[in-house]
1. Among the residues of the range 162-176, how many are surrounded by 13 or more Cβ atoms within 10 Å (Cβ to Cβ) and either modelled with pLDDT under 80 or out of contact with any helix residue (DSSP H, G or I) (no Cβ under 7 Å at 6 or more places or on another chain) (or both)?
2. Enumerate the strands (runs of 3 or more DSSP E) found wholly within the range 1-120, keeping only those where 3 or more residues are over 30 Å from residue 217 (Cβ atoms) and of a type in the set (Val, Ile, Thr).
3. Looking only at the range 133-154, decide whether some residue is outside any helix (DSSP H, G or I) and modelled with pLDDT under 90.
4. Looking at (1) surrounded by 13 or more Cβ atoms within 10 Å (Cβ to Cβ); (2) assigned by TED's automatic domain parsing to the domain that holds residue 206, find the lone condition where residue 87 falls short.
5. If I go through the range 53-96 residue by residue, how many of them are among the polar types (S, T, N, Q) and without any contact (Cβ under 8 Å) to a residue 60 or more places away in the chain?
6. Could you list, in sequence order, all residues of the range 210-261 that are among the aromatic types (Phe, Trp, Tyr) and either surrounded by fewer than 22 Cβ atoms within 10 Å (Cβ to Cβ) or on the phi > 0 side of the Ramachandran plot (or both)?
7. Among the residues of the range 52-72, are any of a type in the set (Lys, Arg), surrounded by fewer than 17 Cβ atoms within 10 Å (Cβ to Cβ) and under 29 Å from the mean Cα position of the chain (by Cα)?
Amino acid sequence: MQRYFVAAGQFRDSQVRIIGDDAHHAVRVMRTKPGDKFIVSDGETRTALVAVREATPMQITADIVQLLPNDSEPAWSISIAQSLPKGDKMELVIQKGTEIGAYSFIPFESERMVVQYDSKKEAKRIERWSKIAKEAAEQSHRNRIPEIEPVHSWRELLNSIGSYDMALFCYEREGDAANGKGIGTAVREWLAKQNHTEAANEAKVLLIVGSEGGFTEREASEAEAAGAVLAGLGKRILRTETAGIVGLTCLLYESGEMGGA
């Protein structure tokens with residue numbers, strides 16, 4: 001069933017308004033007409049099954065048929081910090097990460113970054129990425145749209161590590177080394193220290209992924225000093241657009257979201 005996100009103010013006691021591009025898409029593309037039903041969410045606390053009363057390309061007015069539970073979000077809020085990759089790879093990370101359950105995305109600059117960052121283009125790119133996150137959230141029936149944060153410098157990213165319950169730094173040498181630590185081991189060690197505290201049930205987690213060139217030893221040392229745990233993703237070298245998706249899936253499994261823990 002089609003799903004749309006709207007601003008909280010578009011919800012009324014018994015009705016919802018769909019406006020702008022969403023109304024145009026519903027009427028012109030989906031051929032929505034009075035009587036049709038779809039799901040609407042305010043991205044915060046309310047999700048509802050609605051029935052269309054009036055429909056134009058400018059605005060749709062729909063009656064709330066039933067309030068639905070907001071239960072599709074993972075218990076752990078996992079943010080993917082992705083060093084800026086070249087081309088449209090960031091779009092893939094955001095699209096698939098949103099489908100899987102990422103809480104937010106933090107693009108950042110790193111030493112071996114291939115792409116040349118242009119701050120003048122940042123607003124337009126973030127607007128594009130936010131649209132991709134919205135569409136993926138609708139497709140996957142999320143209850144919220146992941147936030148796309150402004151591009152961080154390396155120092156800004158390091159300074160943010162302390163605000164998370166757990167930060168994992170994806171480092172290929174951890175996958176190669178005989179005594180390397182994988183994400184599963186890192187998470188289980190962290191859980192063992194929590195002693196069933198609230199943080200273990202509703203953890204705020206940061207997953208840090210490098211660009212095409214990976215991370216330098218200096219960056220790994222600085223991340224570890226800031227509180228991140230160096231963790232590998234196996235013995236194979238993953239593409240930058242693959243690493244975050246794999247890491248996110250591993251974390252959700254270990255949290256019990258996908259049958260783990």
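1. Here is the first cut: in the range 162-176, the residues surrounded by 13 or more Cβ atoms within 10 Å (Cβ to Cβ) are 164-176.
The next check asks that each one be either modelled with pLDDT under 80 or out of contact with any helix residue (DSSP H, G or I) (no Cβ under 7 Å at 6 or more places or on another chain) (or both); those that pass are 164, 172-176.
Within the range 162-176, residues that are surrounded by 13 or more Cβ atoms within 10 Å (Cβ to Cβ) and either modelled with pLDDT under 80 or out of contact with any helix residue (DSSP H, G or I) (no Cβ under 7 Å at 6 or more places or on another chain) (or both) number 6.
2. Fully inside the range 1-120 and qualifying: 15-19, 47-55, 59-68.
3. No, because not a single residue in the range 133-154 is outside any helix (DSSP H, G or I) and modelled with pLDDT under 90.
4. (1)
5. Filtering the range 53-96 for residues among the polar types (S, T, N, Q) gives 56, 59, 61, 66, 70, 72, 77, 79, 82-83, 95.
Filter once more, so that each one left must be without any contact (Cβ under 8 Å) to a residue 60 or more places away in the chain: 56, 59, 61, 66, 95.
Adding up the residues that qualify gives 5.
6. Across the range 210-261, the qualifying residue is only 253.
7. no
The values are calculated or read from the model by the stated rules, or taken from the named source; none is laboratory data. Predicted model only: the values in this text are computed from it and were never measured. A quick note on method: Cβ atoms are made from the backbone with ideal geometry, for glycine too, and the neighbour counts reach across all protein chains shown.
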